[in-house]
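Right, one structure below, let's go through it.
The values are calculated or read from the model by the stated rules, or taken from the named source; none is laboratory data. This structure is a prediction, so every number in the text was calculated from the model and none was measured. All Cβ positions, even for glycine, are placed from backbone atoms using ideal geometry, and neighbour counts span all protein chains on display. Side chains included, ligands, DNA and RNA excluded: accessible areas come from the protein's heavy atoms. Shrake-Rupley method; radii C 1.70, N 1.55, O 1.52, S 1.80 Å.
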Amino acid sequence: MTPPDAVAAIDTTLAEVTRPEESAACGACGHPRGDSPSPDFCSEDCQSRWHLATAGGGAVDGGAAPDTELPEAAPQRPLTWLGPPPADAYRQAGHEVLDAVRDFVARYSAFPSEHCAPMLALWYAHTHAADHFYVTPRLILDSAEPGSGKTRVLEVAQYLVRAPEMTISATTAALFRMVADGPITILFDEVDAIFNPKNGGNNEDLRAMLNAGYKRSATIARCVGDARAMKVEKFPVYAPAALAGIAGHMPATITTRAITVHMKRRRADEHVAEFWEEDVEHQARPLRETLAAWMESVAEQVGRARPAMPDGVRDRPAEIWRPLIAIADAAGDHWPDTARAACNHFVAHAATQPDSIGIRLLADLQTLFAARDTDRMATAEILAALLEQDEAPWSELQGRPLDARRLGRLLGKYGVKSRDIKPTGGTAVKGYRLDGDGGLADAWSRYLPTAATSATSATTQVSTVADSEPVADTSATGPTPPPNNQT
């Protein structure tokens, strides 16, 4: 063991070697200090080496090497010489992104169909690439009664769609400006209060905006400025829009451009997650960012896509669903099949809903003519038969039964006109026929679903009448379908 006196001598020697002296020489290297501002060292490097030596070792690179005890961090300056990272370096697979959005949406709502949550995931995705599509389908959430979950769907949607604008009673002028300054996604709650005719007011501008904004190229011209400097300005109105309200008050010009979810009140055995807005916002943020990033990576691809549509889906329904199915095809995995199944569901369901009282009238007349096995009926006979239908609206239209004048006005919109017909052994009376100018068959073929129009084949073998005019052969319209008179 080294004696204490010897240890003290060693410490004194080390101190004399490593302690800078009060002299003109550098305390570390012995060279002249020159004009160094330090009274002990000629340079900062010498000072660092002296401190490291007296501290008993340590880093020898002046601290330039990374500290293994600290977590890694990205460099403050990007390493541009490495070039940009690959486009898919941090991208999650598309089907996984949509799966996560679908599951998140389903967590807070009890939907009437299994097809609703996947459809909503696709609709939310399309808002992040709406500028790449020619149309943006409207989303309608309606219900027979309040408290059916419509608002909750919009509340969750606002944290998943691009640039949400949640509104209840925004004026048309305000929406014009917001859309023009866009891009935005309109989330319009309680829209039934706007379009309900009982509430009065002029909503034609809003209806026109929502109609026109369905297509990317649409603009609406308005005069702006004061009377002395008035000019016409064209406002772009293209923007995704989700509308929620009580069923029955939405204009048909909007519903035909929409995918409609008929929400229902939740049963006691249907459970959903508690909705705490702060938590939903926090949990949805990474989902929305991931969804937006993935959609940005495939936006050009889906915008140019011409996806195969399910059998029987064409014209307006195909136009509505094309963006969503294109996104599903880009996502892969089960999504192409899932999207087409949802398309079939919503298109078929929409076909069972009469667009108006006029469509209902055409459908009921088609069933009536097929049941009577005739190609013509007197107006009085038609009215009597319609008024006998217990569940039909004809006994009370705006407080009074359907009459000949109202019947003629409703059918006149479809080019159907009354004519003189002459039953066997009787005098000529006013009535309606299938064939010829102003006949019902043409209207049926144009305005009723394809399957329904085939009922005109029931008139191939018609009852004998005394009318000398020839009876048209309508057998080309196809076989007889089941009646289509359900609302």
**OP:** Check region 272-290 and report whether any residue there is under 30 Å from residue 348 (Cβ atoms) and touching a Leu at 6+ places or on another chain (Cβ under 9 Å).
**Re:** no
Original post:
Of all the residues that make up region 421-432, how many are open to solvent by less than 90 Å² (accessible area, probe 1.4 Å) and not in a loop (DSSP other than H, G, I, E, B)?
Top reply: 4
**OP:** Identify the single condition in (1) surrounded by fewer than 17 Cβ atoms within 10 Å (Cβ to Cβ); (2) not in a loop (DSSP other than H, G, I, E, B) that residue 274 does not satisfy, given that it satisfies every other one.
**Re:** (2)
Subject >> Given (1) surrounded by 14 or more Cβ atoms within 10 Å (Cβ to Cβ); (2) out of contact with any helix residue (DSSP H, G or I) (no Cβ under 9 Å at 6 or more places or on another chain), index of the condition residue 402 fails >> reply: (2)
Original post:
Is there a residue being open to solvent by 60 Å² or more (accessible area, probe 1.4 Å) and modelled with pLDDT under 85 anywhere in region 433-445?
Top reply: no
Original post:
Looking at (1) open to solvent by 40 Å² or more (accessible area, probe 1.4 Å); (2) in a helix (DSSP H, G or I), which is the one condition that is false for residue 333?
Top reply: (2)
Original post:
So which residues in region 337-372 are open to solvent by less than 60 Å² (accessible area, probe 1.4 Å) and without any contact (Cβ under 8 Å) to a residue 12 or more places away in the chain?
Top reply: 348
Subject >> Given (1) surrounded by fewer than 16 Cβ atoms within 10 Å (Cβ to Cβ); (2) touching a Ser or Thr at 6+ places or on another chain (Cβ under 8 Å), number of the condition residue 244 does not satisfy >> reply: (1)
**OP:** Looking at (1) open to solvent by less than 50 Å² (accessible area, probe 1.4 Å); (2) part of a loop (DSSP other than H, G, I, E, B), find the lone condition where residue 265 falls short.
**Re:** (1)
